[in-house]
1. Considering only residues of the range 60-76 that are touching a residue at least 24 places away in the same chain (Cβ under 8 Å) and assigned to a helix (DSSP H, G or I), which is nearest to residue 41 (Cα to Cα)?
2. Here is a list of conditions, (1) at pLDDT 95 or above; (2) over 14 Å from the mean Cα position of the chain (by Cα); (3) surrounded by 12 or more Cβ atoms within 10 Å (Cβ to Cβ), and residue 21 meets all of them except one; can you say which number that is?
3. So residue 79 passes all but one of these: (1) loosely packed, with under 15 Cβ neighbours inside 10 Å; (2) in a helix (DSSP H, G or I); (3) modelled with pLDDT under 95. Which condition number does it fail?
4. Taking the residues in the range 53-64 that are within 12 Å of the chain's Cα centre (by Cα) and surrounded by 13 or more Cβ atoms within 10 Å (Cβ to Cβ) as candidates, determine which candidate is farthest from residue 38 (Cα to Cα).
């Protein structure tokens, strides 16, 4: 006879509670995107990689934040910026985002 083996697998994301509950909570979280203009060389990598299209390039080819409230906080822009000229941080307050930081 084979004995039954119980596996102690970690829960799958979204499996606990209602389906998609974790994903919905992450979608409600807002992020602030800061572009450090003195460091940015306007390569456009951040805008090209943004899956939510929260960043775009203006007429001069400089990255601008279109709508920080749609940022999903994935950090692709920050991770791939060759100049370390962008940061994505969770918003501390529940207020709408203020205009883009110009450092």
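The values are calculated or read from the model by the stated rules, or taken from the named source; none is laboratory data. Quantities reported herein were computed from a predicted structural model and do not represent experimental measurements. In this analysis, Cβ positions are derived from the backbone assuming ideal geometry, glycine residues included, and neighbour counts consider all displayed protein chains.
1. 76
2. Failing condition for residue 21: (1).
3. The failed condition is (3).
4. Filtering first and then ranking leaves 54.
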